[in-house]
Amino acid sequence: GNSVTQMEGPVTLSEEAFLTINCTYTATGYPSLFWYVQYPGEGLQLLLKATKADDKGSNKGFEATYRKETTSFHLEKGSVQVSDSAVYFCALSDLKLVFGKGTKLTVNP
Amino acid sequence: EPEVTQTPSHQVTQMGQEVILRCVPISNHLYFYWYRQILGQKVEFLVSFYNNEISEKSEIFDDQFSVERPDGSNFTLKIRSTKLEDSAMYFCASSSDTAGNQPQHFGDGTRLSIL
């Protein structure tokens, strides 16, 4: 079946550092890919999405590119802020969402 | 911006009791979902609901679980006889189209604790 493998956390960075969270997927067909973010005590919020190969999703300085050849959708941000501290989930659509395990990011001032 | 609301935010129940988790999806959405997240684990799909019937369910969604949209606005998840392993955060989500075309919008979750 379809699955998502995500970089294990936790990840701890200093403010203004570069962030990469790796995500690879296994799927039949060409699913849409998503990154969701969960801030402490809150629900899941859509961060960005890409619906086809080579699409780049972007939002709030975060970017991820749908790479069919490597079946990847890595999340990047050039300069993280303390407010980016959260758990990040990679997911693919299979009519339902299939999530990775989540990566907890802590950004220290 | 419209949002999905879930009540209660925290539910504590004795093992073997019935529990109903409630959700109010975004009003013009047509597709509804329940997911759960056991502490420290991934978010898992439970069930999807469209046109007043279940469209897909996972292996987790056994006979103890049921969903209902009783009045056109609420979307409920019922667990008939709770077990310790049902303790988790339960998330409701809704979308205007299937997951590939439109994103799912999630509520803040109900934390279910079974004693």
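Brief remarks follow.
- Average accessible area per residue (Å²) across region B:25-81 - probe 1.4 Å, nucleic acids and ligands excluded: 53 Å²
- ³J(HN,Hα), Karplus 6.51/-1.76/1.60, whole Hz, each residue of region B:77-86, x for Gly, Pro: 10, 10, 10, 5, 9, 5, 10, 4, 6, 7
- Translational diffusion of region B:54-106, estimated by Stokes-Einstein from the Kirkwood radius over alpha carbon pairs at 20 °C in a medium of 1.002 mPa s, is 164 µm² per second.
- Averaging Cα coordinates gives a centre for region B:42-102 and one for region A:16-83; these two points are 25 Å apart.
- Full extension of the chain segment joining B:Q11 with B:Y50 gains 11.4 nm, where the gain is 0.36 nm per residue of separation less the Cα-Cα distance.
- Surface composition of the protein assembly as shown: carbon and sulfur make up 46 percent of the accessible area, probe 1.4 Å.
- With viscosity 1.306 mPa s and temperature 10 °C, the Kirkwood radius over alpha carbon pairs of chain A converts through Stokes-Einstein to a diffusion coefficient of 115 µm²/s.
- Summed buried accessible surface, chains B and A, 1.4 Å probe, nearest 100 Å²: 1500 Å²
- Formal net charge of residues neighbouring A:E63 (Cβ-Cβ distance under 14 Å; K, R +1; D, E -1): +1
- By average C-beta atoms within 10 angstrom, highest first, the peptides A:9-17, B:19-27, A:37-45: B:19-27, A:37-45, A:9-17
- Karplus-based coupling profile of region A:32-39, in residue order and whole Hz: 6, 10, 9, 10, 10, 10, 10, 7, with θ = phi - 60° in 6.51 cos²θ - 1.76 cosθ + 1.60 and x standing for Gly or Pro.
- Phi to ³J(HN,Hα) by Karplus 6.51 cos²θ - 1.76 cosθ + 1.60 over region B:61-75, Hz, x for Gly, Pro: 7, 8, 5, 6, 9, 8, 10, 7, 10, x, 9, x, 10, 7, 10
- Quotient of C-alpha Rg and 2.2 N^0.38 Å, computed over chain B: 0.99
- For the protein assembly as shown, convex hull of alpha carbons as volume per residue, Å³: 122 Å³
The values are calculated or read from the model by the stated rules, or taken from the named source; none is laboratory data. Keep in mind that what you see is a predicted model, and the values were worked out from it rather than measured. Because the Cβ atoms are built from the backbone with ideal geometry, glycine has one as well, and the counts that use them run over all protein chains shown. Only protein heavy atoms, including side chains, enter the accessible area calculation; ligands, DNA and RNA are left aside. Shrake-Rupley method; radii C 1.70, N 1.55, O 1.52, S 1.80 Å.
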